[in-house]
Amino acid sequence: MKRIYLDHNATTPLRPEVLAAMMPYLTGEYGNASSIHAFGQNARGAVEQARLQVARLIGAREAEIMFTSGGTESDNYAILGAVAAAPGKTKHVITSAIEHVAALDPCRALAKQGIELTILPVDRNGLVSPEDVGGAIRPETALVTIMLANNEIGTIEPIAEIGKIAEEKGIVFHTDAVQAAGKVPIDVEKLGVDLLSISAHKFCGPKGVGALYIRKGTRLEPLLYGGHSERDRRPGTEDVAAIAGMGKAAELALAEMGGESERIRRLRDRLEQGLLERVPHAWVNSASAPRVPNTANLTFPFIEGESMVIALDLKGIACSTGAACSSGALEPSHVLLALGLAPEDARATLRLSLGHQTTSDEIDFALETIPPVIERLRRLSPTAYKIA
Ligand code: PLP
């Protein structure tokens, strides 16, 4: 059966060039990057080359890149580390209602420990207002954390404007750029961020490796203790192969960014347009907001996203829905609810995310396959009688 993968925001396939860059460190070059002999120094060389490649992807200096185990760790390190390092007893954190749980949950954990937390709303398009951020800042604000691109709807938040406000008020500013890295140009100077998280497996690198950009001079308490790796900031023997793979993936993403983004944007727009033309009562969420080029988020009222995902999987299309199974119940996505969608509409939502391997033929296949599946599910749906 033909199978197509339209779930690149969940993860991406490893590119062959990335695997080739990793292979030496999974085989003959097995040294520990902290050892002073030749084996160790070869491993160290690979880690430092990757640091340069990752720094270039986001316009940073090498010394400002700390490798981590992925986006979740980078977000936790930034949020927990910056708040722990902030002076004073009363501390306050500002975030938004559409953050990934990798950022929201550490904020909520801090709130349980007595840190004051402001969760800012977003507009109908999923955008945070910089004025709201400015208005929420207090003398005791220790951190602002707002994501650069949303993983469900793809919106690009006004990070540079928020960065200016945070800088003027001297507040540490973190952004989760996990869904932006490799898809849109990133320049930490233009964004005015102090901390920025990325994850390799979202841009055709390996899973389980990421990076945190730490602007020179930003105070951060370590989360882990036990060694001197990563400039004493993150102990533990480096996963040299994964780091080398992340470096190669960053280099490729940067080199191909312009043309590849445009190609993917055209395919995404054709997919959205085609589905809107073929499926009545459907809409694209955040359609008029600035968005990463690969993400389409559409609501097809009167059906359950989960049944759509299962039915499409049986037809050979991998995608995801705007609901997550938690404690046995299908919870509508907090992101879609924050946009103002009704819970039943949030549950009737599909996320289709394209990537480097997506072809025009695959979009044709998706346009042939998805509409009849939705029509069939609607015929079976007890709520579809509402369709005029
Ligand atoms: N932040 C965002 C916006 C994400 O989309 C993800 C992954 O889906 C993460 C953080 C977590 O990254 P990782 O899977 O590398 O832990």
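The values are calculated or read from the model by the stated rules, or taken from the named source; none is laboratory data. Note that the structure is predicted; figures quoted are calculated from it, not measured. Quick reminder, even Gly has a Cβ in these numbers, built from the backbone with ideal geometry, and neighbours come from all protein chains shown. When the accessible area is computed, the model is the full protein with side chains, heavy atoms only, and any ligands, DNA or RNA have been set aside. Shrake-Rupley method; radii C 1.70, N 1.55, O 1.52, S 1.80 Å.
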Placing +1 on each Lys and Arg Cβ and -1 on each Asp and Glu Cβ in region 46-201, then taking the dipole about the Cα centre, the residue among 90, 139, 150 whose Cα reaches farthest towards the positive end is 90
Full extension between residue 269 and residue 112 adds, at 0.36 nm per residue less the Cα distance, a length in nm of 52.3 nm
Placing each pseudo-label 7 Å from Cα in the direction of the beta carbon, residue 63 and residue 255 end up separated by a distance in nanometres of 2.9 nm
Rounded to the nearest Å, the spacing of the alpha-carbon centers of region 206-285 and region 1-41 is 15 Å
Taking every alpha carbon pair in region 85-227 and sorting the distances into 5 angstrom bins from 0 up to the bin holding the longest one, the percent per bin comes out as 2, 9, 19, 23, 22, 15, 7, 2, 0, 0
For the chain, using Cα atoms only, the Rg and Dmax in Å read 21.5, 75
Over the Cα atoms of region 242-383 the radius of gyration and the largest Cα-Cα distance (Dmax), both in Å, equal 16.3, 52
With Cα coordinates, the longest principal axis of the chain makes an angle with the long axis of helix 360-380, in degrees rounded to 10, of 60 degrees
Rounded to the nearest 5, the percent of antiparallel DSSP beta bridges in the chain equals 60 percent
Given a 1.4 Å probe, the accessible area of the chain per residue, as a whole number of Å², is 42 Å²
For residue 26, the net charge from surrounding residues (Cβ-Cβ under 14 Å; K, R +1; D, E -1) works out to -2
Net charge (Lys, Arg +1; Asp, Glu -1) of residues whose beta-carbon lies under 13 Å from that of residue 204, residue 204 excluded, is +1
Ranking 310, 159 from most to least accessible area with a 1.4 Å probe gives 310, 159
Of every Cα-Cα pair in region 156-291, the percentage lying beyond 22 Å is 54 percent
Simple SL model, points at 7 angstrom along Cα→Cβ for residue 262 and residue 376; separation in nm is 3.9 nm
Heavy-atom accessible area of region 152-266 with neighbours in place, 1.4 angstrom probe: carbon+sulfur share in percent works out to 52 percent
For the chain, averaging the sequence separation of alpha carbon pairs under 8 Å that lie six or more residues apart and dividing by its residue count, the contact order in percent is 22 percent
Longest the chain segment clear of chymotrypsin sites (Phe, Trp or Tyr not before Pro) sitting in DSSP loops (not H, G, I, E or B) with at most 15 other Cβ atoms within 10 Å runs 31-224
The correct ranking of 257, 1 by accessible area at 1.4 Å, largest first, is 1, 257
Scan of the chain for trypsin sites (Lys or Arg not before Pro) in DSSP loops with at most 15 other beta-carbon atoms within 10 Å gives a longest site-free stretch of 220-388
Going through 89/169; 190/216; 91/207; 169/190; 89/112; 112/207 one by one, the pairs whose alpha carbons sit over 22 Å apart turn out to be 91/207; 112/207
In units of 2.2 N^0.38 Å, the Cα radius of gyration of region 68-139 is 1.14
On each of the three principal axes the extent of the alpha-carbon atoms of region 232-319, given in whole Å and largest first, is 55, 30, 26
Stokes-Einstein, Kirkwood over Cα pairs, region 202-260, 4 °C, 1.567 mPa s; D in µm²/s equals 97 µm²/s
With 0.36 nm assigned to each residue of separation and the Cα-Cα distance removed, residue 138 to residue 368 gains 77.5 nm
Kirkwood Rh over alpha-carbon pairs of region 1-45 plugged into Stokes-Einstein at 10 °C, 1.306 mPa s gives a D in µm²/s of 123 µm²/s
